[in-house]
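Peer 1: Attaching a single structure in structure tokens format; questions to follow.
The values are calculated or read from the model by the stated rules, or taken from the named source; none is laboratory data. Fair warning: this is a prediction, and the values are worked out from it, not measured in the lab. Here the Cβ positions follow ideal geometry from the backbone for every residue, glycine too, while neighbour counts run over all protein chains shown.
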Amino acid sequence: MKKQLHILLLVCFTTYSYSQNEPIHYPNFVGKDFAAIQKNKDWSILDQVPGYLNDDARKDIAIVLESKDIVNEKRCDDCEISKSRARIVLVFLYKNGKQIVHAQNNEFMPRADEGSKELDIAPILVIENNEFIICQQYSHAFYSYKFKLQNNKLNIVRALVIQSSNDIVASDKYDFTKGIVTRKTSPVSSNEEKIKVVKFKVKPKSLSEFKQMHDWKIAKDFYL
């Protein structure tokens, strides 16, 4: 009897330990209304912004959720499991009298301690001119992504990356309608500016398709 009890306790402990190291399973919020998200006991709203993403004269909304508890995440295929507060970006469209989740991404938003020397880095959300904009500091650079509703998807249309060092300021402007990225570099000590235009053939991604920031190769030496 004691032997059986020991075996049972060992199985329970092993199962418990294994579950504690399992990566989080992100909830699927698509189709749920804003009120349901507010009531969720596991996620809190880190930031939110209202605005118009289409021409129906009804206010839409975009939010970033953060897990209330520290969870296990595997942030890339080659990454080890790390502990952090997960972040999810949701975009709601007004439909049938409610704001309903239209798009969700579980990976794109950097975590508070990720990609910067500063702690508690938070995104800036903007909705203007029917575009959803995410601004974020990441890996010593400033990133701005602009998405627009096209064929019922929030597709990337433009992006801006600004990097600076002790000597040079560089900016990359991505235009997905033209398929070009324009890089401008200038020394900090002068007004001299160099411009380089690179064509690319990658198709625009929707917000839901984005992985981690700086993971998408657009062209040689150009990543978003």
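Peer 1: So residue 147 fits all but one of (1) surrounded by 15 or more Cβ atoms within 10 Å (Cβ to Cβ); (2) closer than 24 Å to residue 81 by Cα; what number is the exception?
Peer 2: Unmet condition: (2).
Peer 1: Quick check on my filter: what residues within the stretch 37-58 are assigned to a helix (DSSP H, G or I) and without any contact (Cβ under 8 Å) to a residue 60 or more places away in the chain?
Peer 2: Let us first name the residues in the stretch 37-58 that are assigned to a helix (DSSP H, G or I), namely 37-38.
Residue satisfying the conditions is 38 alone.
Peer 1: Moving to a separate point now. So which residues in the stretch 23-61 are touching a Pro at 6+ places or on another chain (Cβ under 6 Å) and either farther than 16 Å from residue 88 by Cβ or loosely packed, with under 15 Cβ neighbours inside 10 Å (or both), if there are any at all? Don't jump to the end; show me each part of the working.
Peer 2: Filtering the stretch 23-61 for residues touching a Pro at 6+ places or on another chain (Cβ under 6 Å) gives 59, 61.
Once the filter is applied, which keeps residues that are touching a Pro at 6+ places or on another chain (Cβ under 6 Å) and either farther than 16 Å from residue 88 by Cβ or loosely packed, with under 15 Cβ neighbours inside 10 Å (or both), the stretch 23-61 yields only 59.
Peer 1: Could you tell me which residue of the stretch 139-175 is nearest to residue 89 (Cα to Cα), considering only residues that are in contact (Cβ under 8 Å) with a residue 24 or more places away in the chain and small (Gly, Ala, Ser)?
Peer 2: In this case the residue turns out to be 159.
Peer 1: Further, regarding this structure: Suppose the filter is at negative phi and not in a strand (DSSP E or B); does residue 27 pass it?
Peer 2: Details: at negative phi: yes; not in a strand (DSSP E or B): yes.
Considered against the rule, which asks whether it is at negative phi and not in a strand (DSSP E or B), residue 27 comes out as yes.
Peer 1: Where in the stretch 89-168 are the strands (runs of 3 or more DSSP E), entirely inside, with at least 3 residues that are in contact with a helix residue (DSSP H, G or I) (Cβ under 6 Å, 6 or more places away or on another chain)? Let's see the steps before the verdict.
Peer 2: Values: elements: 98-105, 124-128, 131-138, 141-150, 153-164.
By residue number, 98-105.
So that you can scan it fast, the table gives a plain yes or no per residue for (1) within 17 Å of residue 103 (Cβ to Cβ); (2) surrounded by fewer than 20 Cβ atoms within 10 Å (Cβ to Cβ):
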position	(1), (2)
142	no, yes
154	yes, no
157	yes, yes
172	no, no
186	no, yes
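Peer 1: Could you list all residues from the stretch 188-208 that are surrounded by fewer than 16 Cβ atoms within 10 Å (Cβ to Cβ) and basic (Lys, Arg)?
Peer 2: Residues of the stretch 188-208 that are surrounded by fewer than 16 Cβ atoms within 10 Å (Cβ to Cβ), as a first pass: 188-197, 199, 201-203.
Hits for the stretch 188-208 are 194, 196, 199, 201, 203.
Peer 1: Now, a different point. How many of the residues in the stretch 120-136 are crowded, with 18+ Cβ neighbours inside 10 Å and at pLDDT below 95?
Peer 2: 2
Peer 1: From the list 198, 161, 188, 169, which residue is at pLDDT 95 or above, more than 23 Å from residue 127 (Cα to Cα) and β-branched (Val, Ile, Thr)?
Peer 2: Values: 161 fails: more than 23 Å from residue 127 (Cα to Cα); 188 fails: at pLDDT 95 or above; 169 fails: at pLDDT 95 or above.
Going through 198, 161, 188, 169 in turn, just one is at pLDDT 95 or above, more than 23 Å from residue 127 (Cα to Cα) and β-branched (Val, Ile, Thr): 198.
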